[in-house]
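Read the structure below first, then the notes.
The values are calculated or read from the model by the stated rules, or taken from the named source; none is laboratory data. Keep in mind that this is a model prediction, so the values were computed, not measured. Backbone-built Cβ (ideal geometry, glycine too); neighbour counts: all protein chains shown. Quick note on the areas: whole protein, heavy atoms, side chains included, nothing else; ligands and nucleic acids left out. Shrake-Rupley method; radii C 1.70, N 1.55, O 1.52, S 1.80 Å.
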Amino acid sequence: MSASQSAVAATLLDRHGTTYAREAGITLKDTPQPLYQLLVLSSLLSARIRASVAVDAARALFHDGMRNPRAMADASWQNRVDALGEGGYRRYDERTATQLGDGAELLLEEHRGDLRRVREEAHGDEKAVVSGLRETPGMGPTGADIFLREAQAVWPEFAPHFDGKALRGAERLGLPQDPERLERLAGDAGPAVLAAALVRAALRKKVADDVLEHAG
């Protein structure tokens with residue numbers, strides 16, 4: 001690990017080191033409500049839409065009271081559409097509103113509204129967790145990857161988890177592609193924070209350029 005890589009990672013964390021969960025107003029803990037909110041956010045982020053729009057849409061849903069699966073399931077389809085629209089999530093709003101309602105109902109029926117049961121049933125097997133997450137309507141491999149990328153902060157058995165987008169950000173910044181080496185570069189911030197920052201560098205060249213300029 002070179003001194004320059006350490007400087008780049010430190011600069012990235014200093015300037016862009018915020019998880020998407022925190023940006024969406026989620027105080028992530030290993031408890032049912034914040035884990036559900038992360039599931040919603042991950043699903044929104046997985047669509048072909050700007051990350052900032054997905055974050056705004058999640059905040060709007062939570063602001064309108066849809067903070068847990070029971071509230072999401074009890075909300076009308078129109079309530080969900082309206083909240084997504086408030087967040088600017090208009091391209092996929094009708095389909096997503098349906099999927100959010102169906103997903104909340106499924107989580108209540110299969111896991112009593114508690115994603116920790118998916119974790120427990122997986123016994124530390126990442127593929128099993130991904131399979132459980134993907135039972136959620138609209139949750140594909142990208143959404144499951146996003147969930148684990150953020151959830152590793154409270155589900156440490158799945159760390160270090162750097163998905164393909166985070167690794168593209170690392171490549172853009174000249175950082176290693178090996179998750180273990182990236183975890184060491186994360187230091188006390190933790191791999192979830194570094195992974196989110198790397199994703200920002202992958203999504204926006206301006207972020208990478210900013211980091212390289214200030215690290216130099």
Within region 103-112, restricting to residues that are touching a residue at least 24 places away in the same chain (Cβ under 8 Å) and over 15 Å from L44 (Cβ atoms), the one that is least open to solvent (accessible area, probe 1.4 Å) is L107
If we keep only residues of region 140-167 that are more than 12 Å from the chain's Cα centre (by Cα) and open to solvent by less than 10 Å² (accessible area, probe 1.4 Å), then the residue farthest from T27 (Cα to Cα) is F158
Within region 21-51, restricting to residues that are among the charged types (D, E, K, R) and not in a loop (DSSP other than H, G, I, E, B), the one that is most open to solvent (accessible area, probe 1.4 Å) is R22
Matching residues in region 68-95 (farther than 21 Å from P34 by Cα, open to solvent by less than 80 Å² (accessible area, probe 1.4 Å) and part of a helix (DSSP H, G or I)) number 4
Note to self: Please verify whether T142 is part of a helix (DSSP H, G or I) and of a type in the set (S, T, N, Q), treating the condition exactly as stated.
What the structure shows: yes
Any residue at all in region 102-114 that is under 30 Å from V211 (Cβ atoms), more than 18 Å from the chain's Cα centre (by Cα) and of a type in the set (G, A, S)? no
Any chance R117 is open to solvent by 20 Å² or more (accessible area, probe 1.4 Å), touching a His at 6+ places or on another chain (Cβ under 6 Å) and over 30 Å from S6 (Cβ atoms): yes
Among (1) within 23 Å of G190 (Cβ to Cβ); (2) open to solvent by 30 Å² or more (accessible area, probe 1.4 Å); (3) not in a loop (DSSP other than H, G, I, E, B), G124 falls short only on (3)
Scanning region 168-178 for residues that are under 18 Å from the mean Cα position of the chain (by Cα) and open to solvent by less than 40 Å² (accessible area, probe 1.4 Å) gives G169, A170
From the option list L185, L173, L203, L167, single residue qualifying as under 19 Å from L44 (Cα atoms) and out of contact with any Pro (no Cβ under 6 Å at 6 or more places or on another chain) is L203
